[in-house]
1. For the peptides 164-171, 139-146, 94-101, what is the packing order when you average, over each peptide's residues, the other Cβ atoms within 10 Å and list the highest mean first?
2. Please list 322-329, 38-45 highest first by mean number of surrounding beta-carbon atoms within 10 Å per residue.
3. I'd like the distance between the alpha-carbon centres of the range 231-259 and the range 79-105, rounded to an integer number of Å.
4. Spin-label point model (7 Å from Cα, Cβ direction): what's the Ala215 to Leu66 distance in nm?
5. Kindly rank 108-118, 70-80 from highest to lowest mean number of other beta carbons found within 10 Å of each residue.
Amino acid sequence: MQWVESWKGRRTAQALAEWDAPIQVCVRKRPISKKEAGKKGFDIITTTTAVHPHACAFLHEPKLSLDRSRSIVTHPFHFDKVFDEYAGNDLIFQTTLQPAIPKLKEGKNVSLFCYGATGSGKTHTVFGPEGGRGSATTAADIGLYHYACSQVFGVAAEMGADVFVSFLEIYSGKVVDLLNNRQHINLLEQNGNFIFQGLRESHASSVQHCLQIMAVGTATRTTQATDSNSTSSRSHAIFRLELRVPHTGTTSLLTLIDLAGSERGVDNPSASAAVRREGAAINKSLLALKECIRSLHVNSNYVPFRSNKLTCVLRDCFRAGTCIMVLNVAPTNLTVEQTMSCLHYANRIKEYSHAAGGGSGDAGGGGVPLPATAEDLLAQLSAL
Ligand code: ADP
Ligand code: MG
């Protein structure tokens, strides 16, 4: 069965039924950096490393009252999975993408996107140290895209599929091809599908070949980042592996997305007009993403994919299959406001998905009430 959408963006009930499970929402806390320790930042995030409904991240918000007394207010947030600062990329891969990859054999799609403020660990998660340019020295550092490549070629061999790799970036409202010198890509809509006009889709014959192709793209992205002081944090990077079976025409798609830093959308009156415009564009794209996910889960018969370049590009990710969101968070009080706002965004997405499906695939837990406070959670855990 195909993902059916008319050109006005309407979906059929059939397509809805193919949605395997609600989007899985996970949180990953990174370790305190030397820089944060140097600024006397302290850890304000604690986690329970269980799965839903006991997976919880607590943000301990430091408060200073008018009478100068200090207190801590603890905010609990529930997710499908929570990873603490000791979880490496290998564990993240094993518990998120790896179980979903066999779905590609059924012609389904698998996607994972990392959301979070700049410096929270999104690029480290998807591409490894220095966005794939640095050498990963341990299994905990190897980027998810590398692990995904290793698995996808096994699946492709079983299917008799060819693997095509593409790597693009959305920056300042433009879509550019990272495997082809940042050529601009036009998005065209044809028979309800989006076509990336001019996108280079390189045929990869092996894992090593795929990584070689990607080395060009990660170098293009990170060089630009150093040139203009972290442009990459203001862009969405999208890595796609498409599996095509020549005889049957079956296709399936694996997509990994390193989203732009979410704080770019925060109003900053001292920023230049250009920076604020750029921030507003990022904010708009992240809101559009949230709105599409909401529409997908509330059985709305209209999903506004066309409202933004990011959602146009990501539409295929929401075709039948599995979608995983990883919220990356920095651990300290130095970024408390950004972290709080990201936790609320991710929590909203989890609420949409659980309202639709109640429990997320392997996470299970349907029917168990979510604990409202830290004390309730501890009581539930001790009763297990
Ligand atoms: P973002 O892409 O969200 O802006 P980065 O992935 O660039 O953030 O991470 C910021 C810094 O923190 C980088 O130096 C990165 O190597 C480091 N870092 C991020 N996550 C981890 C982690 N889980 N373990 C060790 N270092 C990490
Ligand atoms: Mg980054």
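What follows draws every value from the coordinates through simple rules; no lab data is involved. These numbers were taken from a predicted model, which means no experiment stands behind them. Positions of Cβ are generated from backbone atoms using ideal geometry, with glycine treated the same way; all protein chains shown enter the neighbour counts.
1. Highest-to-lowest ranking by the protection proxy: 164-171, 139-146, 94-101.
2. My ranking of the peptides, most packed first, is 322-329, 38-45.
3. 18 Å
4. 6.4 nm
5. Values: 108-118: 24.0, 70-80: 16.6.
Top of the packing list down: 108-118, 70-80.
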